[in-house]
Structure formats: structure tokens, C-alpha cells
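These notes concern the structure reproduced below.
The values are calculated or read from the model by the stated rules, or taken from the named source; none is laboratory data. Just so it is clear, the model here is predicted, and its values are computed rather than measured. A quick note on method: Cβ atoms are made from the backbone with ideal geometry, for glycine too, and the neighbour counts reach across all protein chains shown.
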Amino acid sequence: MKLKLPPGTFGAYLFDCDGTIADSMPLHYLAWRTALAEWNCSFSEDLFYAWAGFAVAKIISLLNKKHGLSMPVEEVARRKDELYLQSLPHLRAVPEVLEHIDLHMAGFLWRSSLEVRANR
């Protein structure tokens, strides 16, 4: 799959890194699953994506209600964040974005080398 850009000339590309350059959602999901497993609480991937964007405290409260649990919201939230931060070394860029950046940079470097030669 190739990244499709709208037609036109662009002076710059702006990226919201999370979800654009890198996809951290799988790491968040693993952190959630691990933190919640410590409280014998399940969290399906479908539900995780359905609740994407909800505050961490709200998710824990909803899961408490859904499963009849009383997980301590602040403690579970802290643990989930800790696990996510530990997983960041595994965060990878979205391949299609890297491919586009590589092509753009190759063109930029080629044009720059022509300009240097022309100015000699």
C-alpha cells in the first residue's frame, strides 16, 4: 500500500506523530491488558478501540461497572501508564510514512546536490 497525498505542491508536511508516523495503539492495548490482568479484568481489543479517546480514569470506571469490580482507578491508571512507557522502545514507524519521507528526502538531497554543483 502506498501513502496517497492530495495533488499539489507542498512547502512542508506536518504530522501528528501518534497514529501518523508511529502507531502506538498496539502498545497501549498491551499495557492495558497487562495492567488489567493484574486485577483479573478482561478488556477486548474491539472494546479498546471503541473506547479510544476516553480518559484512562473513565475507562477504568467503565470496566469496574461492566465487570462488577472495584479496581482503584488511580493505581490502575498509574500502572497502565508505567507499562506503556516501558514499551516505548518497541514503538515503530508506519512503513508507508517512512517510504514517503525517504522518497521526499532523496529528492531533496538530489536537488540540493544539483544546487551545490551549479553554485561552484
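Consider LEU63 carefully, then state whether it is under 17 Å from LEU30 (Cβ atoms) and more than 20 Å from the chain's Cα centre (by Cα). Against the criterion (under 17 Å from LEU30 (Cβ atoms) and more than 20 Å from the chain's Cα centre (by Cα)), LEU63 qualifies. Among the candidates ASP81, ASP23, single out the residue that is modelled with pLDDT of 95 or more, surrounded by 14 or more Cβ atoms within 10 Å (Cβ to Cβ) and charged (D, E, K, R). After ruling out the rest, the residue left standing is ASP81. Return the residue satisfying two criteria in turn: it lies in the range 26-53 and is at pLDDT 95 or above and assigned to a loop (DSSP other than H, G, I, E, B), and of such residues it is nearest to LEU85 (Cα to Cα). Here the residue is GLU38.
Name the single residue that is modelled with the lowest pLDDT among those in the range 1-20 being in a loop (DSSP other than H, G, I, E, B) and of a type in the set (D, E, K, R).
Start the filter on the range 1-20 by keeping residues that are in a loop (DSSP other than H, G, I, E, B), which leaves 1-17, 19-20.
Then drop every residue that is not of a type in the set (D, E, K, R), which leaves 2, 4, 16.
Details: LYS2: 66, LYS4: 73, ASP16: 60.
Per the stated criteria, the residue is ASP16.
Looking at LEU88, is it closer than 30 Å to LEU5 by Cα, at pLDDT 75 or above and assigned to a helix (DSSP H, G or I)?
Working: closer than 30 Å to LEU5 by Cα: yes; at pLDDT 75 or above: yes; assigned to a helix (DSSP H, G or I): yes.
The answer is yes for LEU88.
Among the candidates ALA31, ALA93, single out the residue that is within 14 Å of the chain's Cα centre (by Cα), surrounded by 12 or more Cβ atoms within 10 Å (Cβ to Cβ) and more than 30 Å from LYS4 (Cα to Cα). Please lay out each step first, then the result.
Working: ALA93 fails: more than 30 Å from LYS4 (Cα to Cα).
On inspection, the qualifying residue turns out to be ALA31.
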